[in-house]
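The values are calculated or read from the model by the stated rules, or taken from the named source; none is laboratory data. Only a predicted model underlies this, so the values are computations on that prediction, with no experimental measurement involved. All Cβ positions, glycine included, derive from the backbone under ideal geometry; neighbour counts span all protein chains shown. Ligands, DNA and RNA are excluded from the accessible area calculation, which covers all protein heavy atoms including side chains. Shrake-Rupley method; radii C 1.70, N 1.55, O 1.52, S 1.80 Å.
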Amino acid sequence: MTATTAPTATVFNDSYRCEPPDGRAALPPGLKRIAIVGGGTAGWMAAMLLAHHLGPRGAQVSLLESPAVPTIGVGEGSTPWLRGFFDLLGIEEAEWMPECHATYKCGIAFDGWSTRPGFERYFHPFASMLDNLTMTQFVHNAHARVNGHDVHAHPDRFFIAARLAAERKAPKPARHFPFDVWYGYHFDAALLGAYLHRKAVERGVRYVSCHVEHANLDERGDIRSVTTRELGPVEADFFVDCTGFAGILIQKSLATPFVSFADNLFNDAAVALPTPIGERIGSHTVSHAMKHGWRWEIPLTNRHGNGHVYSSASCAAGEAERELREVLGLGDCAVEARHLKMRVGRVTEHWRRNCLAVGLSQGFIEPLEATALLFIQRTVQQFLEIADQEGLGDRARAKLNDKVNHHFEGTRDYIVTHYKTNSRKDTEYWRANAANPNISPALQELYATWMSGRGIAADVGSQRLGRGYPIFSWYCILAGMGIFPEGERLHPPNGAAAAYDIAEIDNLIERSALNFPDQRAALERIAPRPKEKSLQIYFW
Ligand SMILES: Cc1cc2nc3c(=O)[nH]c(=O)nc-3n(C[C@H](O)[C@H](O)[C@H](O)COP(=O)(O)OP(=O)(O)OC[C@H]3O[C@@H](n4cnc5c(N)ncnc54)[C@H](O)[C@@H]3O)c2cc1C
C-alpha cells in the first residue's frame, strides 16, 4: 500500500463572530454607487454583504427588482458556509431560523445511486474536528480495500454526521462538548429571501421596484445606466447582475459567453412539490435516484420540500411529475407542482467591465449538492477581498474570474462523479451517464489514481478539483459508491491493512452521538450564542 496524506477536517467554533468592517479603509474608486439588479436570494445576499463591507466606507447600495418577474423560489438546502454568512453579518440563528422554518443539516444521503452490494446508500457528511479521530482510519481502510483487502470501508460508520442523521439528531452538541461540529441548514427559500430583504433595508439598502429593460454602455463599454420601465435611466458606478437565468446585464447587455455543462451533466429540468412533515424532523437531505434523474427530500419545520431533477431529453415534464407524485403517495391530489427549467454551466467572466454577476446569472450547477448559495457568498466575498487588495482593474477582474471558474469546474467534476460512478442499469439515462466520455482530464487522472490503489490527496490538492471539494469528500464519494474490487478480487486483510477494529470506531461514534439532541428538541430551544471570538481553521 502506498502511504497517503490523511485529510484533515475543519474546525469551526460554535461561537458568535461579528467583526465590524473597517470603516476607515478607503472605498475603492468606482464603488460609490452600487446598483444590484434582481431581488432573489442572490440579490439580497449580495446586498447584505456589500452594505456590510462598504456601507461604513460611504458606498450607497440600491437594489432594483422587477415587479413582473418572480424569483425562482427554490433552493432549500445549504452547505456549512451559510453559517459563516450569518456570523459575519452578526445575525443569530435564534432570529432567522424560526422565521424561515429552518432546520439543521448534517449532510446528504445518496440513496439508490449504486447497486454494488453493501453500497446502495451512503452519506456525504459535513465533516468536523471530531471526525479527525476517525478520518485516518477511514482513509486507511479505503486504501486497503481498493488494494484488495476485505476491510470495512463504507464511509457511514466513520463520520459522526452520518450517525446523527440516522438518529434524526441535530448537529448541535451539548455546551460542554469539546469539539465543534460543522453543519448546514435547510430553509424555505421564499421566506429566506423576504427575511434578507427586510434586514438589508433596515441596514440601509435602498429598494426600488422597477423592471430593467436594458443597460446603456459608455464609450469604453462600461455600464453607465440601466433603463427601467417605470423610472427611465438609473445610473450607478458599479452594477451587480442578480437577474437569475435571464442574465440581463452580464449575458444580454455585455454579451459574456456562456460555457454549457450539458455534455457533462444531463439534467435540465425539475418539478417541486411539498408534503407534510411528521412529529420527528430529519436532519439531512435525501437524494433518491429515480429512473431519469433524482429527487430531493428536505425536512423543514412545517413541511417537506421535494423535487424531481431530471433530463428533459429522457423524460417529459408530465411523466416527471407523475413519477414524483407516485413515489410521494400524492396521486392526483390538489397539491400544485412547480415546473422549472435549468441552464447548467457558467459565464466565462463573472466580473466583466463594471458588472459582477452573482447567482443564477453567473451560472448554475444542478442542485445535487446544494452549492448555489455558496457560489453567491464566495463570489461576493472574494470580489470584496480582491477589490480591497487590487482595486477594480484588469488584474483584479482576472484574479476573481480565475478563482470562480476553478470553483465551478471543481464542483462540476464532483457532481459528475455521482453520475459517472453509478452502476444502475435500469434505464438508458443511467447507462448513458456511466458511459459518458465527457469528463475533464483532471477527473480522468483522479479516477486512474484511485483505481491504481494510490492516494488521491495529491491529485485533489494540486488540481482544479481541489477548488470544488475537500479531500475527504472525494474519499466519501468513491468509497460510498463502492468503487472497490469485488468478489474474489478481495482477500482477507493481512498485516497493516487490518490495523483498525471497526467495532472500536462504532463505539466511539456511538458514545459521541450521546452528546447531541433530537432535531425537533434542538429547534425548539435555539438560543443566542455566547459572544466570544471564534476559532476557524479551514483546510482549503
Ligand atoms: C430546481 C432547483 C433547485 C435548487 N436547489 C438549491 C439548493 O438546494 N441549494 C442552493 O443553494 N441552491 C439551489 N438552487 C439554486 C437557487 O435557487 C438559486 O441559486 C438562488 O435562489 C438564487 O437565485 P437568483 O437570486 O440568482 O435568481 P432568482 O431567484 O431567479 O431571482 C431573480 C431576480 O431578478 C429579478 N429580475 C429578473 N429580471 C429582471 C429585470 N428585467 N429587471 C429587474 N429585475 C429583474 C427578479 O424579479 C428576481 O427578483 C436550486 C435551483 C433550482 C433550479
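Points to keep in mind about this one:
- Per-residue ³J(HN,Hα) for the range 110-115, Karplus 6.51 cos²θ - 1.76 cosθ + 1.60, θ = phi - 60°, Hz, x for Gly and Pro: 9, 10, x, 7, 10, 10
- In this rough spin-label picture, where each label sits 7 Å from Cα along the Cβ direction, the Ala434-Glu326 distance is 2.2 nm.
- Folded to 0 to 90 degrees: helix 502-513 orientation relative to the chain principal axis, Cα: 40
- Coarse-grained scattering of the chain at q = 0.06, 0.07, 0.08, 0.09 Å⁻¹, given as base-10 log I(q)/I(0) from a Debye sum over alpha-carbon atoms: -0.29, -0.40, -0.52, -0.67
- Cα centroid separation, the range 49-82 to the range 411-453 (Å): 35
- Between Glu390 and Arg116, the simple label model (points 7 Å from Cα in the Cβ direction) yields a spacing of 4.1 nm.
- Stokes-Einstein, applied to the Kirkwood radius of the range 117-264 over Cα pairs at a viscosity of 1.306 mPa s and 10 °C, places its translational diffusion at 75 µm² s⁻¹.
- Rounded tilt (10° steps) of 189-202 against the dominant C-alpha axis of the chain: 40
- Rounded percent of accessible protein surface that carbon and sulfur make up, the range 387-517, 1.4 Å probe: 51
- Per residue, the accessible area of the chain comes to 39 Å² when a 1.4 Å probe rolls over the protein heavy atoms.
- Between Leu231 and Arg525, the C-beta separation translates, for a Förster distance of 51 Å, into a calculated FRET efficiency of about 0.60.
- Across Lys291/Lys420; Lys341/Lys420; Lys105/Lys252; Lys172/Lys341; Lys252/Lys341; Lys291/Lys341, pairs whose alpha-carbon gap is larger than 26 Å: Lys105/Lys252; Lys172/Lys341
- Estimated 222 nm signal from helices in the chain, with DSSP H stretches of n ≥ 4 weighted -39500 (n - 2.57), rounded to 500: -10000 deg cm²/dmol
- Rounded tilt (10° steps) of 132-146 against the dominant C-alpha axis of the chain: 60
- Placing pseudo-labels 7 Å out from each Cα toward the beta carbon at Glu445 and Asn401 gives an inter-label distance of 2.4 nm.
- The 3J(HN,Hα) values that the Karplus relation (6.51, -1.76, 1.60; θ = phi - 60°) gives for the range 153-164 are, in residue order, 9, 6, x, 4, 7, 9, 10, 4, 4, 5, 5, 4 Hz. Gly and Pro appear as x.
- The stretch between Arg424 and Ala458 holds 9.2 nm of extra length on full extension. This uses 0.36 nm per residue minus the Cα-Cα distance.
- Computed over the range 178-328: relative contact order in percent, which uses C-alpha pairs under 8 Å that are six or more apart: 15
- The order of the peptides 46-55, 244-253, 82-91 by mean Cβ neighbours within 10 Å, most packed first, is 46-55, 244-253, 82-91.
- Carbon plus sulfur fraction of accessible area for the range 222-328, probe 1.4 Å, in percent: 53
- Highest to lowest packing among 206-213, 483-490, 317-324, scored as the average C-beta count within 10 Å: 317-324, 206-213, 483-490
- Amide H contacts for Val259 (H built 1.01 Å from N in the peptide plane; partners 5 or more residues away or on another chain; cut-off under 5 Å): Arg346, Val347, Thr348.
- Packing here is the average count of other Cβ atoms within 10 Å per residue, and on that basis the peptides 109-119, 335-345, 280-290, highest first, run 280-290, 109-119, 335-345.
- Based on the Stokes-Einstein relation at 25 °C and a viscosity of 0.890 mPa s, and on the Kirkwood radius from alpha carbon pairs, the range 101-175 is assigned a translational diffusion coefficient of 181 µm²/s.
- Based on Cα contacts under 8 Å between residues 6+ apart, the chain shows a relative contact order of 26 percent.
- Enclosing the Cα atoms of the range 409-463 in their convex hull gives a volume equal to 79 cubic angstrom per residue.
- For the pair Ala25 and Leu490, a Förster radius of 56 Å applied to the C-beta separation gives a FRET efficiency near 0.40, rounded to the nearest 0.05.
- Formal net charge of residues neighbouring Leu254 (Cβ-Cβ distance under 13 Å; K, R +1; D, E -1): +2
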